[in-house]
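The values are calculated or read from the model by the stated rules, or taken from the named source; none is laboratory data. In this text the structure is predicted, and so the values were computed from the model without any measurement. A quick note on method: Cβ atoms are made from the backbone with ideal geometry, for glycine too, and the neighbour counts reach across all protein chains shown.
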Amino acid sequence: MKKVFFLLVLSLSVSTSLYTDLYAEVKDRTAHKKTEITCPEKFLNNPPLYFYCIYSDYHNHKFDSGIEKAEKALREIEPLYRKNPGAKVPNAKVGDARLKDDRVYKVKSDLHMLLGMLYFKKAMNLKSSEEKKTFIEFEKKLEKKGFNYFETAELMNLYIMKKLFPEAFNEKQKEIYSKLLKRAGISERELDRLYEETRKEEEKVEEERYSFISKAMKEFQTAVKIDPDNAVAYYQMGNLLSGISEESAGEDSEVAEEAYYKAALILKRKGDKTGYKEVVKKLKLLNPESRYLKLLKGKKDA
């Protein structure tokens, strides 16, 4: 399963229509001027702007900063949620900025969802600095031998092919590979060492990626538990699970289909036709024969 998470590559984009009901609106009176926005120290001082700052961190790949802000906001709103989930969040409208829905449980659900998005995107952008450093040093060594990028890539491709598919490694490839090794002044043992070093680094990154994706899933689940009508949280959950299902058994696919189905039902009920079509499209791509597609069409034998 950890390998599945390591290989997981899927779209994190969400259609604009799906965001129309999400957290806050921040209007800029000077739309054509570059303005510097100062984020509030506390979430409850200006929730709309604070939400904007979290999403700005998400958009600009400042994941740690966004995660810290989201966790801080959740700590602030927790006492309000325990006291009265249906109450209104203070300062829901500040100037031209306002929350889309100022009920405490709605805001808390969106914060959990956004935290999940940050964890997920951080997981997908993890890279090993040590692995990169190892490759850079190796490339520089080959550059001194007159190798260009394509020749270095050819050498590594031939090495990997020999290692993974020795039976398909023909005589011509062996000859080219041998000449490249000789020209580089290295032995295959040195490539083995490079491969082993990078493999270990990949495993470390994989462990970390697995951890963040698990956290993301937990946040999405919390979001829909707090607010079963949070369509975007279901959508994000479907995105995550549909990626896993491509590399694993059908159980994850079934859960992903159900998540998309729930998102579609909510959007349909709200009259968001564009968002509904977007989710149904995702569901069709995941499984054109999904029973949930039949349910959406009103077929009782699904």
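Could you go through region 98-109 and let me know if any residue there is free of Cβ contacts under 8 Å to residues at least 40 places away in the same chain and surrounded by fewer than 17 Cβ atoms within 10 Å (Cβ to Cβ). No - not one qualifying residue is present in region 98-109. Taking the stated definitions as given, is residue 87 surrounded by fewer than 19 Cβ atoms within 10 Å (Cβ to Cβ), within 20 Å of residue 227 (Cα to Cα) and of a type outside the set (Phe, Trp, Tyr)? Yes, satisfied. Residue pairs whose Cβ atoms lie under 6 Å apart, separated by 6 or more positions or on different chains, with the first residue in region 202-223 and closer than 18 Å to residue 238 by Cβ and touching a residue at least 12 places away in the same chain (Cβ under 8 Å) and the second polar (S, T, N, Q) and surrounded by 15 or more Cβ atoms within 10 Å (Cβ to Cβ), are 220/236; 223/109; 223/230. Output the residue which, of all residues in region 110-144 that are surrounded by 13 or more Cβ atoms within 10 Å (Cβ to Cβ) and part of a loop (DSSP other than H, G, I, E, B), is modelled with the lowest pLDDT. Applying the filter and picking the extreme gives 128. Looking only at region 217-232, decide whether some residue is of a type outside the set (Gly, Ala, Ser) and closer than 30 Å to residue 157 by Cα. No - not one qualifying residue is present in region 217-232. Of the residues screened, residue 153 is one that is in a helix (DSSP H, G or I) and not assigned by TED's automatic domain parsing to the domain that holds residue 225. Considering only region 164-200, how many residues are within 39 Å of the chain's Cα centre (by Cα), assigned to a loop (DSSP other than H, G, I, E, B) and surrounded by 13 or more Cβ atoms within 10 Å (Cβ to Cβ)? Going through region 164-200 one residue at a time, the tally reaches 1. Kindly evaluate residue 169 against the criterion of being modelled with pLDDT of 90 or more and within 30 Å of residue 71 (Cβ to Cβ). Considered against the rule, which asks whether it is modelled with pLDDT of 90 or more and within 30 Å of residue 71 (Cβ to Cβ), residue 169 comes out as no.
Can you find a residue that is within 31 Å of the chain's Cα centre (by Cα), surrounded by 13 or more Cβ atoms within 10 Å (Cβ to Cβ) and in a loop (DSSP other than H, G, I, E, B) anywhere in region 220-227? Yes: region 220-227 contains one or more residues that are within 31 Å of the chain's Cα centre (by Cα), surrounded by 13 or more Cβ atoms within 10 Å (Cβ to Cβ) and in a loop (DSSP other than H, G, I, E, B). A single member of 276, 261 is modelled with pLDDT of 85 or more, in a helix (DSSP H, G or I), farther than 19 Å from residue 225 by Cβ and of a type in the set (Phe, Trp, Tyr), and it is 276.
The test for being at pLDDT below 95, over 30 Å from residue 203 (Cβ atoms), surrounded by 15 or more Cβ atoms within 10 Å (Cβ to Cβ) and of a type in the set (Phe, Trp, Tyr) does not hold for residue 81.
When each of 54, 67, 77 is tested for being in a helix (DSSP H, G or I) and touching a Gly at 6+ places or on another chain (Cβ under 8 Å), the lone residue that passes is 54. In the condition set (1) within 27 Å of residue 197 (Cα to Cα); (2) outside the structural domain of residue 235 (by TED's automatic domain parsing); (3) charged (D, E, K, R), residue 171 is compliant with all but (1).
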